[in-house]
1. Determine the gain in length on full extension of the stretch ASN143-ASN212; use 0.36 nm per residue of separation and subtract their C-alpha separation, reporting nm with one decimal.
2. Could you sort out which of LYS65/LYS350; LYS191/LYS350; LYS226/LYS329; LYS191/LYS329; LYS254/LYS351 sit more than 32 Å apart by Cα distance in this structure?
3. Using 0.36 nm per residue of separation minus the Cα-Cα distance, give me the extension gain between ASP86 and ILE114 in nm, one decimal.
Amino acid sequence: MKKSVKVLIVILCLIIVGLLTFIVVDKVINKKIENVQNNESNIVNTVNDSSNSNESGKLEEMNIKKSDFIGTWSNDEDTTLIINEDGTFQADHFTASSEIYGDYTINGENIEFICKKNDDTYNRKWSGRISKEPNGNFKLNVNLYDWDRTLEKVQERDSTNITNTTKQNDDETKIANDAIKKALKDDTWIKNNVFTKPMSESFSVYKSMYGNDWYSYAKESMVLAKISTGNVPMYIVGVVNPAASEDYYLVTYKDGNVIVNKIPHSDYAFSTFDLYNNVVQSEADYGTEYYGFDNNDGYMLIAETHYDEVQVDDGNGNNTNTSLNVTYKINNEIVSADTFKKFEEKYNFKKIETKLTDENIDKYVK
């Protein structure tokens, strides 16, 4: 064989080996690239799945249904709220009852309560917002007129305790109401605990006007009202006498006894009441005083207006004109007229006109 042919064969072999090497290397590189791309795709998919999962969780958490509102809500303080499926509710500050009731509307996480009372004359709105805790429990924050309450939904496992607590409260309430009812129907008790109270003007007025028959006339002027809030039954008994300022008394029950305390008022004043918030408005010629009830200290002065007549010179040295200067105070601090107006708008004062008769005692003292 010629030398040139041998050289050609060697060159062809080298070319074939090079091609085979290139093919093998190319496949290895492509395989690695494919693996890298697959890994990157898996990472992206994992991130997307995680993001979608978190987003889904958020949507699920925010997906509040009407049924989430339905049921009994309570806290450890003094409030129980029952939201019914038919669009109505009942609420009380210490036991579940129909003392406050009404209708509600739901809009997403928000609920609005249109409140009524047993006489259908009470009309206020509450607002609420539901939230879901990480553990799956619901909470309802309700703005009850001018104060907030956070309530938890009563679970089935708690129903026995709630039932027992409610029954105990109902039993204690019945004992207190029975004692108060008995006292208010007893003329001797009324004479000794209402008309002979210190600073009572009613006793001396009726005694001087009607002599020995004073009580029969006085009893006809007495009125009764039930206070809607508090952890024990509370009632107001008033004596609307014809010749002096009215006298009102708080009648309640403590430690096995019926307790009577005179409600403060301005001199020669006439009082109206917000029975839901237990606030008294006492109006006199020189101003108006507002007394709020505190469980520990009874009624305390919380706001007042005072009128002062100021003499104005007519320009000729004569003080013939008068101007009325009004001072507004809340918690003993001077405030503006606008601030005081907002304070007054929180309350719904009415005159007590229900007569203190045995029939009305049976109707309201319960």
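Every number in this text was worked out from the coordinates using simple rules, so none of it is lab data. Just so it is clear, the model here is predicted, and its values are computed rather than measured.
1. Details: separation 69, 0.36 × 69 = 24.84 nm, distance 5.30 nm.
The ASN143-ASN212 span can extend by a further 19.5 nm.
2. Details: LYS65/LYS350 40 Å; LYS191/LYS350 26 Å; LYS226/LYS329 29 Å; LYS191/LYS329 37 Å; LYS254/LYS351 27 Å.
Beyond 32 Å: LYS65/LYS350; LYS191/LYS329.
3. Values: separation 28, 0.36 × 28 = 10.08 nm, distance 1.41 nm.
In short, 8.7 nm is gained.
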